[in-house]
Amino acid sequence: MEQQQANRGPTTTRDLVAVIFRQKWVILSIFMVTTLSVVMLNLRTPTTYEASGRVRVERGRKETTLQPNLRVLTWKEEISSELETVKSHPVAKEAQAILDQWYEEGNLSHPIRLNRLGVGAGVVGESNVLDISYTSQDASVCRPVTAAVIEAYSRYRRFLSEM
């Protein structure tokens, strides 16, 4: 076996091209199967749209109205609580009321139903800034719903700070 390879001499570009032409159907079929798979996956995957906005959160809360001391949690505890508050039922209920009010005032062309599963929230780096977003397959509802969720969250936070 070693003698046969030694007698052949060095491999040239011509040898490489000869192998490619001998195996052209294998190479072409792999290319076509891969291309068709990607096209089929893209056609079957629904398009989703997302709108987002940012809100800065003040840290610390008064414990009671009689004691003006601020209760400050750790950064992780406070931000985690705020992220869950954004996705909570009271904020979603208030956001839906805002959307209904905007429709009645004529600011929206059609009524919008908020889907709580589309509401997302994250933290920008290690800051006190929340990134609030809404994801939907209908592009026309993303911006108004995101604005309503941000407004509802702001109202909820103001309500808590006034208590």
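The values are calculated or read from the model by the stated rules, or taken from the named source; none is laboratory data. Everything numeric here is computed off the predicted structure, so don't read it as measured data. Virtual Cβ from ideal backbone geometry, glycine too; neighbours counted across all protein chains shown. We work out accessible area using only protein heavy atoms, side chains counted, and drop any ligands, DNA or RNA first. Shrake-Rupley method; radii C 1.70, N 1.55, O 1.52, S 1.80 Å.
Suppose we filter 63, 94 for residues that are at pLDDT 90 or above and at negative phi; which single one remains?
94
Does at least one position in segment 124-135 carry a residue that is in contact (Cβ under 8 Å) with a residue 60 or more places away in the chain, surrounded by fewer than 16 Cβ atoms within 10 Å (Cβ to Cβ) and assigned to a helix (DSSP H, G or I)?
No - not one qualifying residue is present in segment 124-135.
If you take the residues of segment 7-44 that are modelled with pLDDT of 90 or more and of a type in the set (Ser, Thr, Tyr), which of them is most open to solvent (accessible area, probe 1.4 Å)?
Per the stated criteria, the residue is 34.
Within segment 94-123, count every residue that is surrounded by fewer than 16 Cβ atoms within 10 Å (Cβ to Cβ) and aromatic (Phe, Trp, Tyr).
Residues that pass the stated criteria total 1.
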